Amino acid sequence: MSFSLFHRPGTVVFLDDDPDYLEMLAMVLPRQWHVKLFMRPAQCINYLQQEPPFWEADAWHQQQLIDNWRGGKPLIPQVLGYWSTHTERYALTRVCVFDYSMPGMDGLQALGELVDWPGARVLLTGQADEQVAVRAFNRGLIEQFIAKQAPDISRQLIEAVEHLLATPNARHAQTWRVTLGPEQNGLLRVPSTGRALADFAARHWIEHVVLGDPFGVLGMDAAGSVSWLQLETPDGLNALAELAEVEGVAPSKIEDIRQGRQLVDLELRQALGRSGPPALAKAFPFGQERGLVGALFPVESPMCPDPGNSYNSWLARQKRRHVQD
């Protein structure tokens, strides 16, 4: 599936014994990344070895949301609560980048110490070390290797890390896939639909989760604003129009819903326990096959994260790009 069912930002760790190189990285890496820079392998290894229990606790918490949903609790308010209270999720390291050539312990030896750490691994190599990196890659010990002497090393490194940050986490995907029905799962696997949704998510959010009940994507931007991308199949538009008619939506709008020109936020309102008149929003297709139409609705609820708990606010409180002594 090209579109991640569950995505959020995380920390990127760099290990290199050259302080000048680390300082150069600190200047060229994207400002929206949370970065930790290490010079000493032992300190970096110790830092990452402490993370698995926190990964497990976070995975357990996500599973609890699913279990509560199976017990009848709506998912949208639960996810909003999770986003509001668990800002430590951003601190979990998603990708580590280790230099191969270091005194005392090379990069592969250091990576070999991270037995239970679940993140992605990148190895920076010198020209003489590339065959070692190829063998490590073929054995599945690393996800990527990059020649340190490449003239466009900064671009290659940023592109590699961004790709790994965008790669779906298999465990999280398995957790959230259970909310999808077979038809929903099949629609999201259509390549053009997945690409269109991935592009939409990248332009609007830094964090999102796909839900099957109701069907759509709940997303949050870096400032903490939450929105709901409601998804409907062409066959579901008639049922939605009938529900809108019961809710007193104007007849002219009912026809717009049937034709897939607008959608109405009835399921979102129900999930949030919100009263008041339904809201309508312009609909647009996803994918060349036009198997899905979607409309974006802002989510305004007391359950939404406080701006002080947004990714931007959390990032501002961290010691970013500070070489660990």
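The values are calculated or read from the model by the stated rules, or taken from the named source; none is laboratory data. Owing to the predicted nature of the structure, the values given are computational and were not obtained by experimental measurement. Cβ sites come from the backbone with ideal geometry, for glycine too, and all protein chains shown count toward neighbours. To get the accessible areas, we keep the full protein, side chains included, count just its heavy atoms, and leave off ligands, DNA and RNA. Shrake-Rupley method; radii C 1.70, N 1.55, O 1.52, S 1.80 Å.
Residues of the range 13-48 that are open to solvent by less than 60 Å² (accessible area, probe 1.4 Å), aliphatic (A, V, I, L, M), within 15 Å of Ile153 (Cα to Cα) and more than 24 Å from the chain's Cα centre (by Cα): Leu22, Met24. Can you tell me which residue among Val12, Val35 is part of a strand (DSSP E or B) and modelled with pLDDT under 95? Going through Val12, Val35 in turn, just one is part of a strand (DSSP E or B) and modelled with pLDDT under 95: Val35. Exactly one of (1) touching a strand residue (DSSP E or B) at 6+ places or on another chain (Cβ under 7 Å); (2) modelled with pLDDT of 95 or more; (3) among the hydroxyl-bearing types (Ser, Thr, Tyr) is unmet by Ser225. Its number? Here Ser225 meets the rest and fails (1).
For the criterion of being in contact (Cβ under 8 Å) with a residue 12 or more places away in the chain, over 30 Å from Gly291 (Cα atoms) and open to solvent by less than 20 Å² (accessible area, probe 1.4 Å), Gly112 fails.
Yes/no per residue for (1) of a type in the set (Ser, Thr, Tyr); (2) open to solvent by 10 Å² or more (accessible area, probe 1.4 Å):
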residue	(1), (2)
Gln156	no, yes
Val161	no, no
Thr167	yes, yes
Leu187	no, yes
Trp205	no, yes
Val209	no, no
Gly219	no, no
Asn238	no, yes
Gly248	no, yes
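Report yes if some residue within the range 290-311 is in contact with an Asp or Glu (Cβ under 7 Å, 6 or more places away or on another chain) and without any contact (Cβ under 8 Å) to a residue 24 or more places away in the chain; otherwise report no. No, every residue in the range 290-311 fails to be in contact with an Asp or Glu (Cβ under 7 Å, 6 or more places away or on another chain) and without any contact (Cβ under 8 Å) to a residue 24 or more places away in the chain. Of the set (1) closer than 16 Å to Val161 by Cβ; (2) surrounded by fewer than 18 Cβ atoms within 10 Å (Cβ to Cβ), all apply to Pro9 but (2).
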